[in-house]
Amino acid sequence: MNIKKILVIVLALALIFSLGACDKEKSAAKKDFKAAVEQANTANDKLDEAVSNAQGLLENHGKPLDKTTVSNLKKQIAVTKKAKIKIPDQPSETEDIKAATKKLTAADNSGQVKALKKSQKALTDSVKQLKLLNKPSEKFVVSRLKNAKYVNKVVAATEDNDPNGQLHKAGGYTAAVFFQSSLVDQSDVYGSSLIDKGTDAGGCIEVYGTAADAKERNEYLSAFDGGILSSGGHKVLGTVVIRTSCELTASKQKALEKQVIAALTKLN
């Protein structure tokens, strides 16, 4: 066999081996691309499920303590929808297949799904929190106030010592729990007992039978705001009116109110 024939055979064999290697490389690239597509589809399915659950909550949820949890969830749903991974058609060339696979593998929308679930939980928890303020028992209010920051004494009024004489009366409160606060200089407050001192010592939680009664009471208190007869800060949540001492500055009233609300609405 002459040299030319040998060279032709060698080149032919090299070409065959080269083509075989290329086919094997392309086959592996296709396999990797398929796996990346499956991974992306799984991630997208989880995203779709999370969005569907969140939208379901938006369509059917109770009143939340914090209204911003509703708008926050709406915004997060919109952001999460945009995080859906776009899956391309498989390219024809090996290197393009590899590049597409690398891009798909790197795509990750789990962070947005996690953020969406967090926003959903925030709304769910906020609804639960407001329910705690729907006709809570006197015992519940007393126990929660004892753990509130800035509160160092708690006493529930009775029909015999209720300063307003409204306990258990029609349209009146079902419970009136007075509390003393460390933010108030008690030497400036008249009275020998916490009931005598009233809301001036710190504040009071008034519980009503309906949200309408609580709102009406809050509006009544509002009529005295800014005048010499002002009895301090007041806020209605659910069927509860949260009152804070007129002896406090506006910022301290808000600080105390915030801590009282946190104690009353803490979820176990």
*What percentage of the solvent-accessible surface of the range 73-201, computed with a 1.4 Å probe over protein heavy atoms, is contributed by carbon and sulfur atoms?*
49
*Cα-Cα pairs above 35 Å in the chain: how many percent?*
47
*Roughly how large, in nm² to one decimal, is the mean projection of the convex hull of the alpha-carbon atoms in the range 49-96?*
4.7
*Sequence-distant aspartates and glutamates (8 or more away, or on other chains) whose Cα lies within less than 19 Å of residue 98*: 23, 25, 32, 38, 89, 108
*Which of the lysines could a cross-linker bridge to residue 102, judged by Cα under 19 Å and excluding same-chain residues fewer than eight apart?*
24, 26, 30, 31, 34, 84, 86
_Residue-normalised accessible area of the range 186-268, given per residue in Å² at a 1.4 Å probe_ = 49
*Per the Debye formula with a single identical scatterer at each Cα and no solvent contribution, what log10 I(q)/I(0) holds for the range 153-248 at q = 0.24 Å⁻¹?*
-1.32
*With a point put 7 Å past each Cα toward its Cβ, work out how far residue 216 is from residue 117 in nm, to one decimal.*
4.7
*Calculate the all-directions average of the projected area of the range 80-147's alpha-carbon convex hull, and give it in nm².*
7.1
*Which entries of 131/215; 118/153; 117/235; 121/215 show an alpha-carbon separation above 25 angstrom in the structure shown?*
118/153; 117/235; 121/215
*Starting from the Cα of residue 268, step 7 Å along the direction of its Cβ; do the same at residue 30; then give the gap between the two resulting points in nm.*
6.1
*Would you list which aspartates and glutamates come within 13 Å of residue 63, measuring only between C-alpha atoms, while excluding same-chain residues fewer than 8 positions from it?*
125
*asked:* Quick check: the distance between the Cα centres of the range 153-208 and the range 71-90, to the nearest angstrom?
replied: 52
_Of the DSSP H helices in the chain, those whose Cα atoms cover at least 15 Å axially and whose Kyte score averages 0.0 or more_ = 3-59, 250-264
*Pick out, from 151, 71, 116, the residue whose Cα sits farthest towards the positive end of the charge dipole of the range 65-214, with +1 on the Cβ of Lys and Arg and -1 on the Cβ of Asp and Glu.*
116
*In the range 62-150, which trypsin sites (Lys or Arg not before Pro) are in a loop and have at most 15 other Cβ atoms within 10 Å, using DSSP for the loop call?*
67, 82, 86, 146, 149
*At 10 °C and 1.306 mPa s, what whole-number value in µm²/s does Stokes-Einstein give for the translational diffusion of the range 97-236, with Rh from the Kirkwood sum over Cα pairs?*
87
*asked:* Net charge within 13 Å of residue 159 by Cβ-Cβ distance, Lys/Arg positive one each and Asp/Glu negative one each, not counting residue 159 itself?
replied: -2
*Where Rh denotes the Kirkwood radius from the mean inverse Cα pair distance, what is Rg over Rh for the range 27-81?*
1.27
*Measure off 7 Å from each Cα along the Cα-to-Cβ vector at residue 99 and residue 158, then give the distance between these two points in nanometres to one decimal.*
8.5
*Nearest-20 debye value, the chain charge dipole, Cβ charges on Lys, Arg, Asp, Glu*: 1420
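The values are calculated or read from the model by the stated rules, or taken from the named source; none is laboratory data. Being a predicted model, the structure only gives us computed values, none of them experimental. We place every Cβ from the backbone using ideal geometry, glycine too, and count neighbours over all the protein chains shown. Ligands, DNA and RNA are stripped out before the accessible areas are found, and what is left, the full protein with its side chains, is counted by its heavy atoms. Shrake-Rupley method; radii C 1.70, N 1.55, O 1.52, S 1.80 Å.
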